[in-house]
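Heads up: the structure comes next, in structure tokens.
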There are 2 protein chains.
Amino acid sequence: MGALQLTLADEGRVLQLAWPDGRRHRYHALWLRDNASDAATRSPGNGQRLITLLDIPAETHVAEAQAGVDGHSVRLRFEPEGRWIDFSATWLARHAYDTPHAPRAPGWTNPDVQRWDAASMQARIPSANWSEVSTSRAALGRWLAAVRRFGFAVMIGAPTEPGTLCRVAELFGYVRETNYGRWFEVRAEVNPSNLAYTNLGLQAHTDNPYRDPVPTLQILACLRNTVEGGESVVVDGFTVAERLRTQDARGFELLARHPARFEYAGSAGVRLSSKRPMIELGPDGELLAVRFNNRSAAAITDVPFDDMPAYYAACRRFAEGVEDRALAVTFKLAPGELFIVDNTRVLHARKAFSGSGERWLQGCYPDKDGLLSTLAAIEEEEAAGAAAR
Amino acid sequence: MGALQLTLADEGRVLQLAWPDGRRHRYHALWLRDNASDAATRSPGNGQRLITLLDIPAETHVAEAQAGVDGHSVRLRFEPEGRWIDFSATWLARHAYDTPHAPRAPGWTNPDVQRWDAASMQARIPSANWSEVSTSRAALGRWLAAVRRFGFAVMIGAPTEPGTLCRVAELFGYVRETNYGRWFEVRAEVNPSNLAYTNLGLQAHTDNPYRDPVPTLQILACLRNTVEGGESVVVDGFTVAERLRTQDARGFELLARHPARFEYAGSAGVRLSSKRPMIELGPDGELLAVRFNNRSAAAITDVPFDDMPAYYAACRRFAEGVEDRALAVTFKLAPGELFIVDNTRVLHARKAFSGSGERWLQGCYPDKDGLLSTLAAIEEEEAAGAAAR
């Protein structure tokens, strides 16, 4: 294998690295300078950048480039600042942007996401025991990784004291309080402020699409369950969206390209409303979220008249996917059992239940940023531990 | 004036309303049926929809249409269900979607948003007194309406007890707890986990762009302030974005069409990261949010090599707007004073301050859904009160 080779081009505005394995990547001098990690650019204590882009001359170029003798670093002299700054070759390789940007179909998902249906998931629902997850960081990491990958997971063996669901959230993050409280009771009520508080079946849905931002996670924990029926159902909204795209690409695009409207006004003093699409794509077409909730869907007014029939046809197809038994994973929670869903992706439903007996669940909305942050920290600890062994 | 005229077309799949003022709007039978508000379709108690789209036959059409004798309602017979359902004419007029969809330039904002700069804002900073806002629902409504319109507001005369900022949040909504706590202390520290906890100046920024969803509101409250400097600065990010669009439409598009990356790893166990654009547009081009923070901006890797120089040039222009004194509104908080910013829109900065004296602020992140909900409820109460008078 040859050594790392450095070539300057475009009067030092571009640096080309030829890696020993034959790959070549170009980097702009301005990008390199902006991403320097020396102590004058980034705080050694907390990693935050100490300078702004306006502190970097617009005419920045690399005047001289040297490969470290170890092959793991690159040393660059930036002008007009006249400063030598070292870069990690590994870091540069990992952050290469001079790569073929293959066109991806709208609705692509990142590699951490694995879509599922009943056939692939019913027999292997990700599940963990409270006693493990609350005492072992590795077990917690596995449970959180399942949520990142599949958008839901089950927990068994949890205490049945009210509020336990918040202790689960606090294993990895923080509960977001809303007009429903820090947590809320899900059981049949007289004069319910929300249809969730009845014994009606509920079509699979994401929670609170009338809120912006929506709750990104939901935990539903069972305290008592002696009714007939009342099973929990989860459906991968990303599978539903992908199926719509393959069956009806124009319908997929209509749901992604036009905002929907959602409203909730079930309690005095609460008038929530939002304007967001049913299928949310990032600017690069990545599938970021689905919103689907028949109870709070408001009048669609942002779709041109001529597109409305096709928009409604797409909604119907999406709803058919949501109701398709081939996509639905079903389980019945016993006291001490709970499940968590990624509310930006996985829809949940409940089957109707009998009037006799008691079904008592509690729900809360933690946020996904904390979950993903804790998971990343655990993975970093494990990688550091493995490297030390 | 003539009466409301109803015409069926396309075999009852379309209803046309000709209003007395000459406007004409068409509505699809399916859309009408879906938006019915009769007691079998919507819960009279909480307004939630009781049926799903799959409960509505795909071949739904209007077989018969009658105008109410009062001119305020429309009565429709839907087939094949064979049901008569009444609609409010006012509601139909307000939700008409058969309207010219004039092409709007990407980055348009809704009518509730009014952009500002120093000239239009420095002399009329929206401000209210704690004693008014905490006791008068009308005064609270005015203060919240300023936040909706301008993206920030000041409050004076608040208690200087720690945690008062959460009482302010609870006037309209809920605090979102994060890894920084339910609220956090902003004062100079040794070995700070965040550069906010130093006496350095901070470039105008939005908070926590490495969090997804970002905090949608921030309150910063002053408990003590005897330093030289340390003034607070706010900049309307929507004005900065609009200026970029008019100066450099391609640059605006590059910032909107490519995700940026943000990271924060300043504390043990915290590894936050996000992938979202600096300028976030809705699918219909509405400007929804800006993200700008030099401290936590990570390497940009989603921009093709050939576009990177123009992307960086656009970032630089955006930063120049952020730093432009003509856009900056400055004030110095005294103890008992605070300000709130819409963190999806308005950037805030702090000027450097002296090492002598003490500057003690507290910050927290309430959410905007609660603010807008409470404001809408107050406006509804006021409209009902006015109607009753």
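Data overview
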item	result
Condition met for residue B:153 (under 22 Å from residue B:223 (Cα atoms) and touching a strand residue (DSSP E or B) at 6+ places or on another chain (Cβ under 6 Å))	yes
Unmet criterion (only one of (1) of a type outside the set (A, V, I, L, M, F, W, C); (2) surrounded by fewer than 18 Cβ atoms within 10 Å (Cβ to Cβ); (3) more than 11 Å from chain B (Cβ to nearest Cβ)) for residue A:342	(2)
Some residue of the stretch B:75-90 being part of a loop (DSSP other than H, G, I, E, B), over 21 Å from the mean Cα position of the chain (by Cα) and among the β-branched types (Val, Ile, Thr)	no
Members of the stretch A:365-380 found to be among the charged types (D, E, K, R) and more than 7 Å from chain B (Cβ to nearest Cβ), listed by number	A:367, A:368, A:379
Test: residue in the stretch A:373-387 that is modelled with pLDDT of 95 or more and closer than 19 Å to residue A:115 by Cβ	no
Residue in the stretch B:307-323 that is surrounded by fewer than 21 Cβ atoms within 10 Å (Cβ to Cβ) and in contact with a strand residue (DSSP E or B) (Cβ under 6 Å, 6 or more places away or on another chain) present	no
Options B:214, B:233, B:227; residue that is more than 11 Å from chain A (Cβ to nearest Cβ) and in a loop (DSSP other than H, G, I, E, B)	B:227
Residues that are within 14 Å of chain A (Cβ to nearest Cβ), surrounded by fewer than 19 Cβ atoms within 10 Å (Cβ to Cβ), in contact with a helix residue (DSSP H, G or I) (Cβ under 9 Å, 6 or more places away or on another chain) and under 24 Å from residue B:284 (Cβ atoms), drawn from the stretch B:107-147	B:109, B:112, B:113
Hits in the stretch B:5-18 - residues which are of a type outside the set (Val, Ile, Thr) and surrounded by fewer than 18 Cβ atoms within 10 Å (Cβ to Cβ)	B:5, B:6, B:8, B:9, B:10, B:11, B:13, B:16, B:18
Index of the failed condition, residue B:204 passing every other in (1) free of Cβ contacts under 8 Å to residues at least 40 places away in the same chain; (2) of a type outside the set (Val, Ile, Thr); (3) touching a Phe, Trp or Tyr at 6+ places or on another chain (Cβ under 8 Å)	(1)
Candidate set from the stretch A:248-288 (those that are assigned to a strand (DSSP E or B) and among the hydrophobic types (A, V, I, L, M, F, W, C)); member that is nearest to the other protein chains (Cβ to nearest Cβ)	A:272
Matching residues in the stretch B:289-310 - criterion: being facing another protein chain (nearest Cβ under 9 Å), touching a residue at least 24 places away in the same chain (Cβ under 8 Å) and not in a loop (DSSP other than H, G, I, E, B)	B:297
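The values are calculated or read from the model by the stated rules, or taken from the named source; none is laboratory data. Everything numeric in this text was worked out from a predicted model, so none of it was measured. Neighbour counts run over all protein chains shown; Cβ positions are idealised from the backbone, glycine included.
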